[in-house]
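The values are calculated or read from the model by the stated rules, or taken from the named source; none is laboratory data. Keep in mind that what you see is a predicted model, and the values were worked out from it rather than measured. Cβ placement follows ideal geometry from the backbone for every residue including glycine, while neighbour counts extend to all protein chains displayed. Surface accessibility is based on the protein's heavy atoms, side chains included, excluding ligands, DNA and RNA. Shrake-Rupley method; radii C 1.70, N 1.55, O 1.52, S 1.80 Å.
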Amino acid sequence: MTRPATGGYGMCLSVPMQIIAIDGFSAECEARGVRRTVSLFMIEDDEVAVGDFVMVHVGYALRKISADDARTSWQLIDEILAVTAS
Amino acid sequence: MTEDMAAARLWLSRIHELPIRESIAVMNVCGGHERSLTMLGLRAVLPETVRLIPGPGCPVCVCPEEDIADAIAIAMSGNATLVAFGDMLRVPMNASKDAINTLAGARAAGADVRPISSPQEALATAREHSERQVVFFVAGFETTIAPVAAMLAEGVPDNLSVLLAARLTWPAVNMLLQDPEAALDALIAPGHVATVMGAEEWRFIADTYHLPVAVAGFTAVSLLAALYSVLRQKLENRPFLDNCYPELVRPQGNQRARRWLNEVLEVVPANWRGIGVIPASGFGLRGVWQRYDARQRFEVLAAPRKRIGEMPPGCDCAAVVLGKRTPEQCRLYGKACTPPHPVGPCMVSDEGACHIWWQAGLRAA
Ligand code: SF4
């Protein structure tokens, strides 16, 4: 896989990440051991907290999602990457 | 078997139980959907009567040549650092043999061109090089453009400007459906565009065109659920708007993101590569934000230029994007045109049908 696990994965697909820390509109997020600073500027009022999962698109959290949905999304990404790598 | 696989099989068996007699053509608008369903091999397991047709949802594919030429001209002027989403660097335009025809080519010729994967990186580059102009070349749909609007709204340094090739998705679909030759029976609407703009934006397909439509996510379960929905709608002749991605998509979308879009940008007519100008289908900077418009900042763009073409000779991307041809029907597919040596934009982008089909191992007959 040549792409980072949490970015640049196409322009329409987004990846789920978990919030580790929040500082204003900026959140430290993690997925698969990769950490990234994610903007919460597009999240609607008081919606997220540390421990929540968010769908991240080009560095911006689009919306909070459940842990279950985050897991399903990652399974899909894994399946696609498996085909891409083969 | 995982829970999700079981759920996907259930949807699949329901689809197979449907009494489909005549062929039904379903357009999946989004390049991300095309990627998911091709990589998951969904076409092969569907009934033969169901045809899934990739649509115009690839922002890289529809970015007009003149915008790529503008980006190359700015980069080659030597007066600026040009940053762009990675895919854009390799998109070829139709130039004479020895002319530079990609941003990657400009970079190889010494221009300061850098791939990035988020607006934050554009911002960081501008802050790091405050003595230099930094231009962010942005091709994208609503999902990508809302973050760019949010970036501008949050405040950016004066040395950053944007070269917009931003598009709205639904007007292209609207245009496509106005074509009397469009033989489409149903549509699957893009999940992440709808996350930002709302599912309601796609209601016109059912209301105006009386065609079934469902918003889908990117997993097999969501895609198959949406497909089942539109097939049933079609068989019962009762088209409506369904939302099969409710975990992310609200009827009105993300209000905050839409506010940034409205505040910073205005909707303008825009040229789509290979398709032509579609009214009210692009974004331009609004009012005070125009000071961040690279087109107003760089004189090189005002210089007269030879008329730019549309697609490289022999490339069928325009027809592929409009769902009129499939990639393997292009004479160059897999021959002159492969991912390492792309002739047209559809072979470059992760969301281009040619690239996706080739990557999934689909070879021309
Ligand atoms: S295979 Fe290449 S040349 Fe043919 S339509 Fe696709 S991108 Fe264009």
*Please specify each residue of region B:273-301 satisfying the condition of being out of contact with any helix residue (DSSP H, G or I) (no Cβ under 8 Å at 6 or more places or on another chain) and open to solvent by 90 Å² or more (accessible area, probe 1.4 Å).*
B:Val277, B:Val288, B:Arg291, B:Glu299
*Inside region B:93-118, can you point out the residues that are within 20 Å of the chain's Cα centre (by Cα) and open to solvent by less than 10 Å² (accessible area, probe 1.4 Å)?*
B:Leu103, B:Ser118
*When you scan region B:199-223, how many residues do you find that are at pLDDT below 95 and more than 21 Å from the chain's Cα centre (by Cα)?*
1
*Kindly indicate whether B:Ala139 is buried (at least 24 other Cβ atoms within 10 Å of the Cβ) and either small (Gly, Ala, Ser) or in a helix (DSSP H, G or I) (or both).*
yes
*Can we say B:Ala270 is surrounded by 13 or more Cβ atoms within 10 Å (Cβ to Cβ), away from the ligand (no atom under 12 Å from the Cβ) and either within 14 Å of chain A (Cβ to nearest Cβ) or not hydroxyl-bearing (Ser, Thr, Tyr) (or both)?*
yes
*asked:* One residue is enough: does region B:282-292 have a residue meeting the conditions within 16 Å of the ligand (Cβ to nearest atom), within 26 Å of B:Pro212 (Cα to Cα) and not assigned by TED's automatic domain parsing to the domain that holds B:Cys330?
replied: no
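Looking at B:Gly344, B:Gly323, B:Gly314, which one is over 27 Å from B:Leu163 (Cβ atoms), within 8 Å of the ligand (Cβ to nearest atom) and of a type outside the set (A, V, I, L, M, F, W, C)?
Result: B:Gly314 is the single residue among B:Gly344, B:Gly323, B:Gly314 that is over 27 Å from B:Leu163 (Cβ atoms), within 8 Å of the ligand (Cβ to nearest atom) and of a type outside the set (A, V, I, L, M, F, W, C).
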*Verdict on B:Asn262 being open to solvent by less than 70 Å² (accessible area, probe 1.4 Å), polar (S, T, N, Q) and away from the ligand (no atom under 15 Å from the Cβ)*: no
*Could you tell me whether any residue of region B:239-253 is more than 14 Å from every other protein chain (Cβ to nearest Cβ) and assigned to a loop (DSSP other than H, G, I, E, B)?*
yes
*Go through the residues of region B:101-112 one by one and say whether even a single one is acidic (Asp, Glu) and either modelled with pLDDT of 95 or more or in contact with a Lys or Arg (Cβ under 6 Å, 6 or more places away or on another chain) (or both).*
yes
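Does B:Ala150 qualify as being at the interface with chain A (Cβ under 10 Å from one of its Cβ atoms), assigned to a helix (DSSP H, G or I) and modelled with pLDDT under 95?
Details: at the interface with chain A (Cβ under 10 Å from one of its Cβ atoms): yes; assigned to a helix (DSSP H, G or I): yes; modelled with pLDDT under 95: yes.
Yes, satisfied.
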